[in-house]
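Peer 1: Got a structure here, written out as structure tokens. Questions coming.
The values are calculated or read from the model by the stated rules, or taken from the named source; none is laboratory data. Keep in mind it's a predicted model, so treat the numbers as computed, not measured. Cβ placement follows ideal geometry from the backbone for every residue including glycine, while neighbour counts extend to all protein chains displayed.
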Amino acid sequence: MMQGKLVILGPVFPQDFNALFLWADDSEAALLNEPYRPPLWKHQESFWFASNPDPARVFFAIRKINDPLISGYVQLWNIDAVNRSVMLGIRIGDSTQRGQGLGQEALLLAIEYCWLHLNLRRITISVFATNTPALHIYDKLGFVREGILRQAVYIRGQWTDIILMGLLRPSPP
């Protein structure tokens, strides 16, 4: 478990599944990072609680300090030990908890985890060009815009670009 001033990053528990499933079924929130498709309970359950976990993936639940309910999650996937790189995704699932600094602090904890625990050198994030709040946070934390996948996804009748951003581990002093 990793703790900041606002949030704790820790394991996803079975009691978190109802919230995770509802967030996956939120068509408005899906506009921030994926085309909406109604989830299937079995697929979601196997995704979050695989009996044979993928060593190239790590999930963290985001919880507010002193609150047992899940607020969101951080996902690390394509952990590549040879090239020391990873893909990172984050979601604050409850829309009433967005804009309070929870996501930014969770990102800082996840970045620290990548550097200090996984000994990685590079973190990649992909973000919809329309997700202005996320772009602002990623820019603020030092992610660099490295490319654009033009008209990469079709959302609500419109093509949306995906911006690829990267963060390199700082060199030691």
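Peer 1: Looking at region 11-30, which of the residues that are over 18 Å from ARG98 (Cβ atoms) and exposed (fewer than 15 other Cβ atoms within 10 Å of the Cβ) is nearest to the chain's Cα centre (by Cα)?
Peer 2: Residue satisfying both the conditions and the ranking: PRO11.
Peer 1: Within region 127-161, which residues are hydroxyl-bearing (Ser, Thr, Tyr) and under 14 Å from LEU107 (Cα atoms)?
Peer 2: Scanning region 127-161 gives a single hit, TYR138.
Peer 1: Pick from region 89-99 the residues that are part of a strand (DSSP E or B) and touching a Phe, Trp or Tyr at 6+ places or on another chain (Cβ under 8 Å): which of them is farthest from LEU120 (Cα to Cα)?
Peer 2: In this case the residue turns out to be ARG91.
Yes/no matrix, rows are residues, columns are (1) at pLDDT 95 or above; (2) touching a Lys or Arg at 6+ places or on another chain (Cβ under 9 Å); (3) among the acidic types (Asp, Glu); (4) more than 16 Å from LEU88 (Cα to Cα):
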| position | (1), (2), (3), (4) |
| --- | --- |
| ASP139 | yes, yes, yes, no |
| PHE143 | yes, no, no, no |
| GLU146 | yes, no, yes, no |
| LEU149 | yes, no, no, yes |
| ARG156 | no, no, no, yes |
| THR160 | no, no, no, yes |
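Peer 1: Looking only at residues in region 31-48 that are surrounded by 15 or more Cβ atoms within 10 Å (Cβ to Cβ), in a loop (DSSP other than H, G, I, E, B) and of a type outside the set (Ser, Thr, Tyr), which one is modelled with the lowest pLDDT?
Peer 2: ASN33
Peer 1: Identify all residues within region 61-83 that are over 9 Å from the mean Cα position of the chain (by Cα) and touching a residue at least 40 places away in the same chain (Cβ under 8 Å); write none if there are none.
Peer 2: ALA61, ILE62, ARG63, LYS64, ILE65, LEU69, ILE70, SER71, ILE79
Peer 1: Looking at region 1-10, which of the residues that are in contact (Cβ under 8 Å) with a residue 24 or more places away in the chain and assigned to a loop (DSSP other than H, G, I, E, B) is surrounded by the most Cβ atoms within 10 Å (Cβ to Cβ)?
Peer 2: Among residues in region 1-10 that are in contact (Cβ under 8 Å) with a residue 24 or more places away in the chain and assigned to a loop (DSSP other than H, G, I, E, B), the one surrounded by the most Cβ atoms within 10 Å (Cβ to Cβ) is LEU6.
Peer 1: Looking at (1) touching a residue at least 40 places away in the same chain (Cβ under 8 Å); (2) surrounded by fewer than 14 Cβ atoms within 10 Å (Cβ to Cβ); (3) touching a Lys or Arg at 6+ places or on another chain (Cβ under 7 Å), which is the one condition that is false for SER95?
Peer 2: (3)
Peer 1: If only one of LEU120, LEU135 is surrounded by 17 or more Cβ atoms within 10 Å (Cβ to Cβ) and free of Cβ contacts under 8 Å to residues at least 40 places away in the same chain, which one is it?
Peer 2: From the options LEU120, LEU135, the qualifying one is LEU135.
Peer 1: Same structure again: Are any residues in region 123-132 touching a residue at least 12 places away in the same chain (Cβ under 8 Å), surrounded by fewer than 19 Cβ atoms within 10 Å (Cβ to Cβ) and either part of a strand (DSSP E or B) or out of contact with any Leu (no Cβ under 7 Å at 6 or more places or on another chain) (or both), and if so, which ones?
Peer 2: Those that are touching a residue at least 12 places away in the same chain (Cβ under 8 Å), surrounded by fewer than 19 Cβ atoms within 10 Å (Cβ to Cβ) and either part of a strand (DSSP E or B) or out of contact with any Leu (no Cβ under 7 Å at 6 or more places or on another chain) (or both): THR124, SER126, ALA129, THR130.
Peer 1: Pick from region 49-80 the residues that are loosely packed, with under 12 Cβ neighbours inside 10 Å and within 30 Å of ARG121 (Cβ to Cβ): which of them is modelled with the lowest pLDDT?
Peer 2: Among them, the one singled out is ASN52.
Peer 1: A further question follows. Anything in region 81-92 that is among the hydrophobic types (A, V, I, L, M, F, W, C), surrounded by 14 or more Cβ atoms within 10 Å (Cβ to Cβ) and modelled with pLDDT of 95 or more? List them, or say none.
Peer 2: VAL86, MET87, LEU88, ILE90, listed by residue number.
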